[in-house]
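The values are calculated or read from the model by the stated rules, or taken from the named source; none is laboratory data. Remember, predicted model here, so these are calculated numbers, not experimental data. Neighbour counts are summed over all protein chains in view; Cβ atoms, including those assigned to glycine, are modelled from backbone coordinates with ideal geometry. Accessible surface areas use protein heavy atoms only, side chains included; no ligands, DNA or RNA. Shrake-Rupley method; radii C 1.70, N 1.55, O 1.52, S 1.80 Å.
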Amino acid sequence: GRMLALLSSGLAGSRLGRRLLPPLLPAIIANLAITPFQAGIALSLASVGFASLQFPSGRLSDQLTRKTVLLASLSILAVGGVLLSVTNSYYLLLASALVVGVGEGLYGAADRGLLSDLFVEKRGVAFGIHTMFSDISGILAGGLAAGALALGVWRAAFLPVVASLAIIAVLLHRWGREPVVVEPVSLQLRSTVGRLFGQRRFQWM
């Protein structure tokens, strides 16, 4: 039960960084003196980082341990949050958005894999509760953004996110039964893509 709560809180925390950006964009645009188009590039970079790390997350969590990948994800997300909280230039905004997207993408497959390992008979209920926290993060993002904008300091919205990610990482390291494994891993991206596109059914899809 506590692992479900921890993983779900981690999911909400991993979503917060990227979901905070849209409501803060008007303040970011004004503060950094950039155009809406430039701000849109930052959002796109975050999405690219998120999408590109989905497959590596699954491969790494299978060959190392789920705990290893989740701790790496939370650490990267915390770094991204810190960078966003001190962003004072457009290029730092781009780098920060990409880091946040990468950290979020790394979390996804690993936490679902660990949930599947932990829950067998009640897996559907566990996934239902877990998925709910992804939507809760949207509500939290709106509240944090509103609070930060009311204070007139948009960067402050990321500080609670960094603190929560750090706490979740410490608890995961303490409660998680798996070891932390760091060793070279072959992603086998080319062979995997070749197998997928070698199937006619997948080609049609």
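What the table below lists for this structure:
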item: Region 80-205 - convex hull of the alpha-carbon atoms, volume per residue in Å³; result: 196
item: The chain, relative contact order [Cα under 8 Å, separation at least 6], %; result: 35
item: Two-site label geometry, Val180 and Ala146: point separation in nm, points 7 Å out along Cα→Cβ; result: 3.8
item: Most mobile of Val69, Val170, Val182 in a GNM of the chain (Cα contacts under 10 Å); result: Val182
item: Sequence of Glu104, Glu183, Glu178 from largest to smallest accessible area, 1.4 Å probe; result: Glu183, Glu178, Glu104
item: Separation of the Ile136 and Gln54 label points, Cα + 7 Å toward Cβ, nm; result: 2.4
item: Sulfur and carbon atoms: percent of accessible area, region 1-95 [1.4 Å]; result: 67
item: Inter-label distance for Gln63 and Ala163, nm, one decimal - labels placed 7 Å from Cα along Cα-to-Cβ; result: 3.9
item: Of the DSSP H helices in the chain, those whose Cα atoms cover at least 30 Å axially and whose Kyte score averages 1.6 or more; result: none
item: Solvent-accessible area, 1.4 Å probe, carbon plus sulfur percent, for region 127-205; result: 67
item: With 10 Å bins from 0: P(r) over region 94-165, alpha-carbon pairs, percent; result: 16, 38, 30, 13, 2
item: In Å², nearest 10: area of Asp117 left accessible to a 1.4 Å probe; result: 80
item: Compactness of region 1-43, expressed as Rg and Dmax over alpha-carbon positions, Å; result: 15.0, 47
item: Heavy-atom accessible area ranking, 1.4 Å probe, most first, across Phe55, Phe119; result: Phe55, Phe119
item: Per residue, in Å², the accessible surface of the chain once ligands and nucleic acids are set aside, probe 1.4 Å; result: 52
item: Total charge dipole magnitude, region 37-137, about the Cα centre, Cβ charges on Lys, Arg, Asp, Glu only, Debye to nearest 20; result: 120
item: For a label point 7 Å along the Cα-to-beta-carbon line of Phe119, residues of region 140-171 with backbone N under 17 Å; result: none
item: Residue with peak Gaussian network fluctuation, the chain [Cα springs, cutoff 10 Å], from Arg18, Arg190, Arg112; result: Arg190
